[in-house]
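Have a look at the structure below before the remarks.
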Amino acid sequence: MTSGLLLVDKPSGITSHDVVARARRLLGTRKVGHAGTLDPMATGLLLLGVESATRLLSYLVGLDKEYTATIRLGAATDTDDADGEIVSRADARGVGDAAIAAGIAALTGPLEQIPSSFSAIKVDGRRAYDLARAGHEVTLAARPVVIRTFELLATRREGAVIDLEVRVECSSGTYIRSLARDLGAGLGVGGHLTALRRTRVGPFAVADAVELPDPRADPDAVARFPAAEVLLDPADVAARLFPVVRLDGDTTRDLAHGKRVAIDAPDAEVAAALTPEGRLAALVEIRAERARVLLGLPTAEVLP
């Protein structure tokens with residue numbers, strides 16, 4: 001099985017783990033992992049590592065994200081999104097455009113954000129959403145996030161509620177549900193998320209992603225799935241994220257066997273070391289023209 005990164009356009013109504021399960025069946029391997037989940041309601045980009053490329057996922061989870069979303073003002077839910085139960089309503093007709101713009105501006109930049117109590121964050125070894133669904137009171141600590149862009153794309157006023165179409169660029173760990181909740185709370189009418197789509201993770205865009213058929217519903221999908229065409233090569237993935245250094249044959253062999261090698265390259269906390277054939281040999285740290293392996297790929301994938 002070829003290793004690589006699979007860009008998936010997740011549909012609404014299934015979990016991220018369901019997507020991983022589909023990929024495992026389609027690709028015929030258990031070695032599939034993800035770089036950050038999406039809620040069942042949400043759609044958009046999921047990054048899946050396959051085979052040895054799963055080792056790259058830890059370098060992907062911290063990348064900035066971009067989303068489009070719909071925020072409804074005038075009602076708050078217990079989950080901060082449309083999957084939850086409404087806990088309060090207020091007439092939002094008196095909320096003007098200037099107030100909305102000010103509320104968005106106040107939630108742009110560095111923030112201390114409290115995640116939803118129905119998030120996947122672990123509390124004493126259990127997921128917060130499991131505790132919340134079991135009726136326990138869940139209070140999560142605020143965490144620093146950065147909202148780089150919070151852009152209002154459209155406003156729709158329908159009776160007592162207002163729907164806002166927005167685009168958000170943010171640091172990893174941001175909860176868009178919490179943005180919706182906090183915007184509504186700041187405006188005094190409550191708010192929650194009714195739609196969410198992840199459009200970008202770092203340099204990877206949903207426009208380049210594929211939809212995964214369900215092999216349980218369509219057994220022939222396994223034979224049709226174009227794995228070789230849709231998997232991004234690990235070298236391509238690493239080159240999008242880090243500076244690239246080219247190795248000669250001897251250096252490739254030494255690095256593949258875990259040796260610290262000399263490399264004529266600028267210092268870098270992380271660099272992608274590529275073989276003469278263009279394969280990813282390792283991620284390395286370079287200090288004073290010496291390279292230390294941070295993550296090495298299996299020797300069989302590196303050496304001819």
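Taking 0.36 nm per residue of sequence separation and removing the Cα-Cα distance, the Arg30/Arg240 pair yields an extension gain of 73.0 nm.
Proximity of backbone amide H atoms, modeled 1.01 Å from N, is registered between Leu38 and Ser16 at under 5 Å, excluding neighbours fewer than 5 places apart on the same chain. As a proxy for reagent exposure, Phe150, Phe242 were ordered by neighbouring Cβ count within 10 angstrom, fewest first; the result is Phe242, Phe150. In a Gaussian network model over the chain where Cα atoms closer than 10 Å are linked, find which of His34, His192, His257 has the largest mean-square fluctuation. Among His34, His192, His257, the largest GNM mean-square fluctuation belongs to His257. Take every Cα pair under 8 Å whose residues are at least 6 apart in sequence, average their separation, divide by the length of the chain, and the relative contact order is 20 percent.
Each Lys and Arg contributes +1 and each Asp and Glu -1, all at the Cβ; summed about the Cα centre of the chain, the dipole is approximately 460 debye. Please state the shape class of the range 142-289: rounded when a/c is under 1.5, otherwise prolate if a/b exceeds b/c and oblate if not, all from the C-alpha gyration tensor. Here the range 142-289 falls in the oblate category.
Quick note: the coordinates plus some simple rules give every number you see, no bench work behind them. Keep in mind that this is a model prediction, so the values were computed, not measured. Reconstructed Cβ throughout: ideal geometry from the backbone, glycine too, with neighbour counts over all protein chains shown.
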